[in-house]
Amino acid sequence: MAEGARKSQEKGDPPGEKGKEDGDEGDAAGSVALKKEIGLLSACGIIVGNIIGSGIFVSPRGVLENAGSVGLALAVWGATGAITAVGALCYAELGVAIPRSGGDYAYVTHVFGGLAGFLRLWIAVLVIYPTNQAVIALTFAHYALRPLLPCDPPEPALRLLAAACLLLLTWVNCASVRWATRVQDVFTAGKLLALALIILTGIVRICQGWHSWLSPARAFWSWGAGPSGGSLALACLQGSFAYGGWNFLNYVTEELVQPHRNLPRAIFISIPLVTFVYVFANVAYVTALSPQEILESSAVAVSFGERALGSMAWVMPLAVALSTFGGVNGSLFTCSRLFYAGARERHLPALLAMIHVRRRTPIPALAVTCVSTLLMLVTGDIETLINYVGFVNYLWYGVTVAGLVVLRRRATARHSLQVPLVFPALFLLVWAALLLFSLWSEPLACGLGLGVMATGAPLYLLGVRGGRRLPALRRALAALTLFGQRLCLVVYPQGQEPPGAEPPAPHGEPPAPHT
């Protein structure tokens with residue numbers, strides 16, 4: 001073993017890194033830890049797969065409606081992609097400086113303390129991620145059933161198929177990290193092929209002369225009163241939401257092979273690729289549909305397919321279904337790591353920080369993620385709830401990037417990646433402008449979102465800070481943890497136990513309770 005380690009170091013690998021990257025099961029009798037199975041390709045798949053959901057296929061009209069012209073809408077898509085890339089590079093430096101899973105939650109906790117981190121975690125696990133996953137799963141169900149039924153699918157059928165999708169993908173994620181990343185790779189490739197078909201069809205139509213809405217005279221022709229500063233800000237906000245998911249790779253940093261290299265590389269590849277796809281897919285749409293038809297369509301890609309693809313129009317509903325199926329998988333994979341990271345910081349029950357002794361997957365965190373999303377499926381208008389907390393979600397992006405500036409001032413050593421300070425400054429400037437406009441245009445929705453987040457403060461003081469002084473609560477959590485460990489065969493990853501936790505039980509023995 002020592003000889004193998006010596007040879008590995010001679011090749012330039014850090015000690016123990018090769019064994020982790022191989023991801024074999026041969027070390028099952030040794031340490032139990034999350035396996036580094038996410039390479040560069042899968043890392044790009046996570047970013048691209050989480051950004052490209054149903055939005056570009058179903059409803060890019062929000063940007064067009066507020067921009068007021070085709071030309072300005074295309075400019076907004078490009079500009080928001082550039083700002084997203086700037087923010088993602090800031091997150092890349094944070095991921096290198098703080099190489100822990102959990103994304104912005106881990107960074108905010110490290111820089112600003114436990115209360116700030118808990119508030120970020122609270123709003124994310126309570127509302128944001130379960131509702132987003134529920135909406136994506138329902139969109140998958142709608143477009144999977146659309147070719148099979150002559151009319152709109154009934155609501156119970158949609159919810160049942162969405163629930164089946166969630167349960168299947170949760171099982172895949174529990175079974176193997178490698179399976180989950182392969183599913184993500186395949187479905188990301190599928191949605192990119194569908195978008196490539198849209199873009200290539202648009203290029204063919206341009207060559208055939210269908211480009212009147214792209215000529216300067218018509219591209220910047222504004223309907224109505226023309227764009228204003230407020231409407232352009234709203235268009236940028238809509239565009240920024242369409243790029244949501246750009247920070248999801250940071251949630252799985254500890255499972256990324258060579259994160260100091262592959263995290264920034266994946267961002268350099270993925271964000272420009274998504275920006276290119278978004279801009280040119282919208283160019284393709286206006287070669288077959290007028291701006292008014294785009295604004296009136298409930299599914300722009302489907303309308304485009306009916307107009308431009310003829311007998312191949314069935315590809316578009318299938319593409320939306322494939323895109324959203326992959327989106328659910330990517331969201332489950334990354335969101336479960338947020339539960340896992342929160343439990344490791346003792347902000348959530350300790351059971352959620354444990355992984356299966358053989359499969360190395362966070363089964364309790366995945367199960368809770370699935371159950372919380374299933375509960376959202378049986379609620380009423382979940383999209384309204386997302387609108388209320390969307391402002392708060394965007395608020396934390398800025399807080400996290402501000403944490404980079406604070407961390408840079410505190411740091412005594414240089415990281416392997418340091419972005420120019422103009423990057424966080426530019427991101428914070430645009431971020432502040434968009435947030436102020438959101439507060440001005442929708443004060444009630446923003447206020448409700450802030451109110452939901454604020455409910456986490458007393459819970460933190462009572463349950464997290466004061467939990468050690470509540471023996472009954474500690475005993476109940478210990479019993480729950482022991483039951484969950486025996487049911488799921490999970491233990492803490494070696495070397496990552498929360499302070500005061502007992503080491504994981506040896507294989508073949510019942511796990512000891514953890515609180």
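The values are calculated or read from the model by the stated rules, or taken from the named source; none is laboratory data. Predicted model, so just to flag it, every value in this text is computed and none were measured. All Cβ positions, even for glycine, are placed from backbone atoms using ideal geometry, and neighbour counts span all protein chains on display. Just the protein is used for accessible areas: all its heavy atoms, side chains included, with ligands, DNA and RNA removed. Shrake-Rupley method; radii C 1.70, N 1.55, O 1.52, S 1.80 Å.
Please report how far the C-alpha centroid of the range 427-491 lies from that of the range 245-292, rounded to the nearest whole angstrom. First find each Cα centre; the distance between them is then 29 Å. Basic side chains Lys and Arg get +1 at the Cβ, acidic Asp and Glu get -1 at the Cβ, and with that the dipole of the range 266-355 about its Cα centre reaches some 440 debye. Note on LEU167 and SER290: with the Förster distance fixed at 51 Å, the Cβ-Cβ geometry gives a FRET efficiency of about 0.75. Per residue, the accessible area of the range 68-154 comes to 27 Å² when a 1.4 Å probe rolls over the protein heavy atoms.
If only the Cβ of Lys and Arg carry +1 and only the Cβ of Asp and Glu carry -1, the dipole of the range 212-364 around its Cα centre is close to 660 debye.
For the range 243-325, the mean projected area of the C-alpha convex hull, equal to one quarter of the hull surface, is 6.8 nm².
Other residues within the sphere of radius under 12 Å centred on the Cβ of LEU338, judged by their own Cβ, net out at +2 (K and R +1, D and E -1). One decimal place: the segment ALA478-LEU459 gains 4.9 nm when fully extended, by the rule 0.36 nm per residue minus the C-alpha distance. Residue by residue, the range 173-182 carries 3J(HN,Hα) couplings of 5, 6, 6, 6, 4, 5, 4, 4, 6, 5 Hz when phi is fed to the Karplus relation 6.51 cos²θ - 1.76 cosθ + 1.60 (θ = phi - 60°); x denotes Gly or Pro. Using a probe of 1.4 Å on the protein chains alone, the accessible area found for LEU477 is around 60 Å². What does the convex hull of the alpha-carbon atoms of the range 24-163 project to on average, in nm²? Quarter of the Cα hull surface area: 13.8 nm². Ranked by the mean number of other Cβ atoms within 10 Å of their residues, highest first, the peptides 332-340, 390-398, 277-285, 167-175 come out as 332-340, 277-285, 390-398, 167-175.
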